[in-house]
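J.: Have a look at this one before I ask anything.
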Amino acid sequence: MVKPIIAPSILASDFAHLGCNCHKMYDSGADWLHIDVMDGHFVPNISLGPPIITSLRKEIPREEGKPTFFDCHMMVSEPEKWVPEIAKAGGDQYTFHYESTKDPVALVKLIKDHGLKAACAIKPGTDVGVLYPLAESLDMALVMTVEPGFGGQKFMKDMMPKVEDLRSKYPQLNIQVDGGLGEATIDDAANAGANVIVAGTSCFTAPDPSKLISLLRSKVED
Ligand code: DX5
Ligand code: ZN
């Protein structure tokens, strides 16, 4: 069985206190930090890029036995271009969008050649079948549950058949859902078979993030 992985999205953090807030999420039981990189072109928003990831990696150095994993969600038009920089900055996983590249197979190889884990995301309008030829070479598939670009949107439950389909075909694959996840929507995602849960607004507005993270984890474990 795949294990539950809870990944707070730092897009929902107050960026003036980013370092502290990242520590707080790991201290509250987060497994990964989900880092949304947006270029204002693939999506209609700009967020953060390699210099901030470099600073965060200095603040949160890799340490045996401690969660320090940086899950980089690349919402950019030229995903090939940023692989070396994300590797250098201290990313651990590079999730590109299927819609953003002409050659996903070559891109997966490029990502792995740079020592990063490789993941592929699909937007809500993209058929899940595009992932089949890639799945065996991926460390994770990301099924978007909102249109990428902004935090705080409503979870699209109608994406769950994609997750069910992937889970039935690939029992060992990490399947991530991203957008609108929290207490009210975790059951749908967990029942469909998602095991990697991105939660931005819900984690960063929770009065007690550790409680929420435990709850999300327990639903995936069930
Ligand atoms: C949206 C981003 C998400 C976003 C999730 O484009 O990919 O990671 O931060 O935020 P919430 O959990 O607030 O929907
Ligand atoms: Zn994301």
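Readers should treat all values here as calculations from the given coordinates under stated rules, not as data from a laboratory. Please read all numbers here as calculations on a predicted model, not as lab measurements. All Cβ positions, glycine included, derive from the backbone under ideal geometry; neighbour counts span all protein chains shown.
J.: Magnitude of the Cβ-charge dipole of the chain, K/R +1 and D/E -1, about the Cα centre, nearest 20 debye?
T.: 240 debye
J.: Could you identify which residue out of Asp165, Asp31, Asp178 has the top mean-square fluctuation in a GNM of the chain using Cα springs shorter than 10 Å?
T.: Highest fluctuation among the options: Asp165.
J.: Moving to a separate point now. Based on DSSP H runs of at least 4 residues, each adding -39500 (n - 2.57), what is the mean residue ellipticity at 222 nm of the chain after dividing by all its residues, to the nearest 500 deg cm²/dmol?
T.: One gets -10000 deg cm²/dmol as the mean residue ellipticity at 222 nm.
J.: Once you order the gyration tensor axes a ≥ b ≥ c over the Cα atoms, which shape class does segment 93-222 get: rounded for a/c under 1.5, otherwise prolate or oblate by comparing a/b with b/c?
T.: Prolate, since a/c reaches 1.5 and a/b exceeds b/c.
J.: Here's something else I'd like to know. I'd like to know which of Gly152, Val163, His114 lies farthest towards the positive end of the charge dipole of segment 88-222, counting +1 on Cβ of Lys and Arg and -1 on Cβ of Asp and Glu.
T.: His114
J.: With a 10 Å cut-off between alpha carbons and a GNM built on the chain, which of Lys24, Lys81, Lys117 moves the most?
T.: Ranking Lys24, Lys81, Lys117 by mean-square fluctuation puts Lys81 first.
J.: Where Rh is the Kirkwood radius over the Cα pairs of segment 1-114, the temperature 25 °C and the viscosity 0.890 mPa s, what D in µm²/s does Stokes-Einstein return?
T.: 167 µm²/s
J.: With contacts defined as alpha carbon pairs under 8 Å and 6 or more residues apart, what's the relative contact order of segment 16-119 in percent?
T.: Working: 154 pairs, mean separation 25.8, N = 104.
Reported relative contact order: 25 percent.
J.: Same structure, new question: On a full-extension model of 0.36 nm per residue, what is the gain between Phe150 and Asp113, subtracting their alpha-carbon distance, rounded to one decimal in nm?
T.: 10.3 nm
J.: Specify the residue with the greatest mean-square fluctuation among Ala16, Ala87, Ala199, computed from a Gaussian network of the chain linking alpha-carbon atoms under 10 Å apart.
T.: Between Ala16, Ala87, Ala199, it is Ala16 that shows the largest mean-square fluctuation.
J.: Could you give the Stokes-Einstein D for the chain in µm² per second, using the C-alpha Kirkwood radius, 25 °C, 0.890 mPa s? Write out the running numbers ahead of the final one.
T.: Values: Rh = 17.1 Å.
Answer from the Stokes-Einstein relation: 143 µm²/s.
J.: Between segment 135-182 and segment 26-48, how far is it from one alpha carbon centroid to the other, in angstrom?
T.: Value for the Cα centre distance between the two parts: 16 Å.
J.: So in the chain, what percent of DSSP beta bridges are antiparallel if you round to the nearest 5?
T.: 5 percent
J.: Report the relative contact order of the chain, percent, no decimals, based on alpha-carbon pairs under 8 angstrom and at least 6 residues apart.
T.: Numbers: 441 pairs, mean separation 48.1, N = 222.
Relative contact order of the chain: 22 percent.
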